[in-house]
Amino acid sequence: MDVRRRPSKPLSTKQPPPTSVVDHQSSSPKASDALPLPLYLTNGIFFTLFFSVAYFLLHRWRDKIRNSTPLHVLTLSELAGIISLIASFIYLLGFFGIGIVQSFISKSESDDEHQRFILHEDRNIHCSMPPPPSTVIPKSTKPPQIDLPQDDEKLVDCVVTGEIPSYSLESRLGDCFKAAKIRREAVQRLTGRSLEGLPLEGLDYNSILGQCCEMPVGYVQIPVGIAGPLLMNGCEYSVPMATTEGCLVASTNRGCKAIYTCGGATCVLLRDAMTRAPVVRFGSAKRATELKFFLEDPLNYETLCLVFNKSSRFAKLQNIKCAVGGKNLYIRFSCSTGDAMGMNMVSKGVQNVLDFLQNDFPDMDVIGISGNYCSDKKPAAINWIEGRGKSVVCEAVITGDVVSKVLKTNVAALVELNMLKNLAGSAVAGSLGGFNAHAANIVSAIFIATGQDPAQNIESSHCITMMEPVNDGKDLHISVTMPSIEVGTVGGGTQLASQSACLNLLGVKGASKESPGSNSQLLATIVAGSVLAGELSLMSAISAGQLVKSHMKYNRSSRDITKIGS
């Protein structure tokens, strides 16, 4: 909601106008009231008087010094000049100086007043649509009356009236759970809607303060299922998947079973490099190209590495790729980041380099630390081609017997479906990195379960699924290539208790002390192996005509929706 909007007309004619700010300003005398003239004329008169009198007195004193006349002997004109100088100085000080001093003294008070004014005004914004009648809201949705201690009731009232900003409760109270409880009750009273059903207790609110979520009022429950064991590179993994989509875990589990029966999958890490790409601007395209050649010159690479790597012992610059757009230069830095996903780490290194470049390129104007050439949380061809995060390929050979007995289809049908659906169909749709059946399903479920950034599912789900017959057409070779899986095992949501438990189940909790970065790399390969299992099972279900049947059986609610709505 835009707090700068103003209602088109008062909500009520009986409502008194707000006077807390206006009355205070109008009741206190101001320097501009010195003359009954417009403000610009008053300022002009006193400015002219001050400088002209100062000039007059300096000339008079210079003449007295030359003539050896005592300075304390004043003529009537000099006395009037001194009085005029003092008067104009007092006016100018009162008009410009006092306001500056008072702004520092009353800063905190004015901020609180501003917050209260915004909140009060925001709740009285005139809407073009009439409010819904009270009978429309079911009784069950009205917030229940909660018996709170007297002190808590006062806090809730202060939040409701805007005297205490909701975002400051944690710092004021020093108790994160109590802050969430107070905020939750205030939200219910302000909206007239109940949050019953949204859990409050059971979460360590201290663990999310300043790291995961602001102004919490509870947490959302998402069921976690286990698919597996996934046999990959000779090791077994039980894969946690947080999802509300029926059949997803069961389907991935069936794929894991088929892979396990055939001896497991093989997964290889191709690259590991997080990226950040600032955009800078010059006065000409020629200057932009000069910086491009400087950054891509191998002779400067060692120096740039030293500057980039100084902010972290895990950040290691790998390469710099530049793209010119007119006078603008997009600089894509790639670096390894240990077991962290690494966005903050690479951003610090980029800032180091930008500061360093200002010495040789003082005319460089840094427009933004991110210029979307990275590219983060958006489908982009550069991620599909160059990779971002972990680039992984995973493959398996599924025997004809397993295809028929476990997957209920045949090799020829799977190969044909993959060509027409995942390859040709995606090309017809103009897909970018979406040459697969449902990689995003598996990626999102594992991301949520293990505390990754769900928004990075966009580029992390870039995947091409390939199927072809082998061994004279008897068996099936299936592979998934995923160039930009962005995961970490430290930082962000990975430190929360539930997500940490899921990482521990996979054996990748925290940072690896023996080989920094190996835990996050292993997690990326597990994601790719799970996607392989999910692709194999879903494609088999579509080929055998089982998709609709399974979803009608396992992905349909048995609850009466009409009763829930009432």
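General observations
- Database remark: amide H of R332 closer than 5 angstrom to the amide H of K321, C322, A323 (H placed geometrically; neighbours at sequence offset of 5 or more, or on other chains; Pro and chain starts carry no H).
- Fully extended contour minus Cα-Cα distance, from V548 to F56, at 0.36 nm per residue: 167.4 nm
- Summing +1 for each Lys or Arg and -1 for each Asp or Glu among the other residues whose beta-carbon sits under 14 angstrom from that of K348 gives +3.
- Residue separation of L420 and L299 scaled by 0.36 nm, minus their Cα-Cα distance, works out to 38.7 nm of gained length.
- Cα-Cα over 25 Å, subset of K405/K474; K316/K377; K286/K378: K286/K378
- Neighbour net charge for D376 - beta-carbon separation under 10 angstrom, K R +1, D E -1: +1
- Rough spin-label spacing in nm, given labels placed 7 Å along Cα→Cβ, for E196 and V307: 6.2 nm
- Between S515 and H72, the contour length at 0.36 nm per residue exceeds the alpha carbon distance by 151.0 nm.
- In Å², nearest 10: area of C158 left accessible to a 1.4 Å probe: 30 Å²
- N471/I367 FRET efficiency (R0 56 Å; Cβ-Cβ; nearest 0.05): 0.50
- Separation between Cα centres of region 270-288 and region 171-242, rounded to whole Å: 38 Å
- If R0 equals 60 Å, the separation of the Cβ atoms of D151 and R271 corresponds to a calculated FRET efficiency of about 0.60.
- Here Y301 sits with roughly 80 square angstrom of accessible surface, probe radius 1.4 Å.
- Each distinct pair of alpha carbons in region 184-341 adds a 1/r term; the inverse of their mean, the Kirkwood radius, is 21.4 Å.
- Inter-label distance, nm, simple model (7 Å from Cα along the C-beta direction), V220/S171: 2.8 nm
The values are calculated or read from the model by the stated rules, or taken from the named source; none is laboratory data. Every value quoted in this text rests on a predicted model; they were computed, and no experiment measured them. Cβ: placed from backbone, ideal geometry, glycine included. Neighbour counts: every protein chain shown. With ligands, DNA and RNA removed, areas are computed over all heavy atoms of the protein, side chains included. Shrake-Rupley method; radii C 1.70, N 1.55, O 1.52, S 1.80 Å.
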